[in-house]
1. Given the whole protein assembly as supplied and a 1.4 Å probe, what does the accessible area of Phe247 come to in Å², nearest 10?
2. Highest mean first, what order results for 74-82, 128-136 on Cβ atoms within 10 Å?
3. With every protein chain in place, what's the accessible area of Met248 (1.4 Å probe, Å², nearest 10)?
4. Just to make sure I understand: if all protein chains stay in place, what is the order of Tyr275, Tyr177 by accessible area at 1.4 Å, largest first?
5. Kindly write out, for region 280-295 in residue order, the coupling ³J(HN,Hα) from the Karplus curve 6.51 cos²θ - 1.76 cosθ + 1.60 (θ = phi - 60°), rounded to whole Hz, with x marking Gly and Pro.
6. Round to the nearest 10 and report in Å² the accessible area of Ile119, as given by a 1.4 Å probe over the protein chains' heavy atoms.
Amino acid sequence: MATGGGQGKAAGYYQYPASYAAGAAAADEERRWWPWLVPTVLVACIAVFAAEMFVNDCPRHGSALGGGAGCVAAGLLRRFSFQPLRENPLFGPSSATLEKMGALNWAKVVHEHQGWRLISCIWLHAGLVHLVVNMLSLLFIGIRLEQQFGFVRIGVIYLISGFGGSVLSALFLRSNYISVGASGALFGLLGSMLSELIMNWTIYSNKAAAIITLLFIIAINLAIGILPHADNFAHIGGFASGFLLGFMLLARPQFGWMERSELPQTNQPPKYKLYQYVLWVAALLLLVVGFVIILVMLFKDCYSAKYMLLEGAILYVGMFVEMYDEMCPPPDHAALLVPEFSLVL
């Protein structure tokens, strides 16, 4: 499912469901990139997880549960063994190890000026199950996007979406929780797929099938995010960031436009349609203004920021009400919060 390559023609556009391929058949032959960034990110995440387990060293440091709780697979994995399943059911390290290695923690970001955690947390994973699910999702979504649009644009979307998810998550997380994972970045790629479909609407022949299929994929991911211990704030922030970035970075020239160096024409149509320019400008303004407002609220007045954002949180009002009366004091302890299971089916 994650390995299907392209044919080098626009007829293989995205190559998710058949409607995508049929929808792009009218496009000109386009350049295709060899995907290397997504596999590199995958290898980096695996290496970071190995480092997590090396630092965790369960046989030496034991478990926060105390008593007779034993490390999982200690005889086989030794210092790379997992914490007891009662402490971490995802086969991973302790929350203390994750926090030590850069997990997102509101108090440390705001009060101790450790803003780097907004980026470092997207490379950490709470357990082996967590890592495998995310990396399969990354391969399924990212490889095809990188083949189609290149590593620069997909890399920018991935990183900024991950940052956007971290910022929104830090703004709403209760102070006794930490967050790790690439959910914001992965949902950003999903959001960019949706905005790309809207931005390049005219090249799709079977528009209804294309958008229904894509919305179905997105709905599955959002539904899985309702599971316990999932950080839906990272999902929302990443998806919104990727959605706006898709308008800015994934626009395609309209059908019939050619580079003048390739085919000089005097009356050829403009490269982009007017609505594409309008969407590009609107997305840029919304992205910049949104980041400025949220960052100011995060670092200046966390308490009032929560109340301001609560007014617009219609879809997730139940989760927001649960956090409505939280004040933002420094944490007494850190509990593990797993921010995803963003599985693409």
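The values are calculated or read from the model by the stated rules, or taken from the named source; none is laboratory data. As the structure is a prediction and not an experimental result, all values here were calculated from the model. We place every Cβ from the backbone using ideal geometry, glycine too, and count neighbours over all the protein chains shown. All accessible areas refer to the heavy atoms of the entire protein, side chains included, with ligands and DNA or RNA removed. Shrake-Rupley method; radii C 1.70, N 1.55, O 1.52, S 1.80 Å.
1. About 10 Å², rounded to the nearest 10.
2. Ranking the peptides 74-82, 128-136 by packing returns 128-136, 74-82.
3. Estimated to the nearest 10 Å², Met248 gives 40 Å².
4. On the way: Tyr275 75, Tyr177 50 Å².
Of Tyr275, Tyr177, the descending order of accessible area is Tyr275, Tyr177.
5. 4, 5, 4, 5, 4, 4, 5, 5, 5, 4, x, 5, 4, 4, 5, 5
6. 70 Å²
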